[in-house]
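The values are calculated or read from the model by the stated rules, or taken from the named source; none is laboratory data. Predicted model, so just to flag it, every value in this text is computed and none were measured. Cβ: placed from backbone, ideal geometry, glycine included. Neighbour counts: every protein chain shown. When the accessible area is computed, the model is the full protein with side chains, heavy atoms only, and any ligands, DNA or RNA have been set aside. Shrake-Rupley method; radii C 1.70, N 1.55, O 1.52, S 1.80 Å.
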Amino acid sequence: MKCPYCSNKDMGKIGRKKYFCSNCFSEIVVSSNKFKVISLNEKGIAKVVKTCSISD
Ligand SMILES: [Zn+2]
């Protein structure tokens, strides 16, 4: 599993369908056939920064 946002290959699994990238500090949530990349902004509010389909 590679980070869909920064391509870092060293991602930590934090839940059944959740991963955390320690390189770009994003949370990646896998839902059906899509990834959602969630980032915290400077106010600590989670924001979806990228959605992409799982193809490879
Ligand atoms: Zn990343």
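Across the stretch 2-22, what is the number of residues that are within 13 Å of the ligand (Cβ to nearest atom) and either open to solvent by 100 Å² or more (accessible area, probe 1.4 Å) or part of a strand (DSSP E or B) (or both)? Steps first, please.
Residues of the stretch 2-22 that are within 13 Å of the ligand (Cβ to nearest atom), as a first pass: 2-12, 19-22.
Filter once more, so that each one left must be either open to solvent by 100 Å² or more (accessible area, probe 1.4 Å) or part of a strand (DSSP E or B) (or both): 2, 5, 9-12, 19-21.
So the answer is 9.
Of the residues making up the stretch 40-51, those that are in contact (Cβ under 8 Å) with a residue 24 or more places away in the chain and either among the small types (Gly, Ala, Ser) or in contact with a Lys or Arg (Cβ under 7 Å, 6 or more places away or on another chain) (or both) number 0. In the stretch 1-27, the residues that are touching a residue at least 24 places away in the same chain (Cβ under 8 Å) reach residues that are within 6 Å of the ligand (Cβ to nearest atom) and open to solvent by less than 70 Å² (accessible area, probe 1.4 Å) with C-beta atoms within less than 8 angstrom, at least six apart or across chains, in these pairs: CYS3/CYS21; CYS3/CYS24; CYS3/SER26; TYR5/CYS21; TYR5/CYS24; TYR5/SER26.
If you take the residues of the stretch 37-56 that are small (Gly, Ala, Ser) and assigned to a strand (DSSP E or B), which of them is least open to solvent (accessible area, probe 1.4 Å)? Even if it seems obvious, please write down each step before you answer.
If we filter the stretch 37-56 for residues that are small (Gly, Ala, Ser), which is where we start, we get 39, 44, 46, 53, 55.
Subset that is assigned to a strand (DSSP E or B): 39, 46, 53.
On the way: SER39: 24, ALA46: 65, SER53: 72 Å².
Of everything passing the filter in the stretch 37-56, SER39 is least open to solvent (accessible area, probe 1.4 Å).
Annotation: of all residues in the stretch 23-36 being open to solvent by less than 50 Å² (accessible area, probe 1.4 Å) and either of a type outside the set (Phe, Trp, Tyr) or within 8 Å of the ligand (Cβ to nearest atom) (or both), the one that is farthest from SER53 (Cα to Cα) is CYS24.
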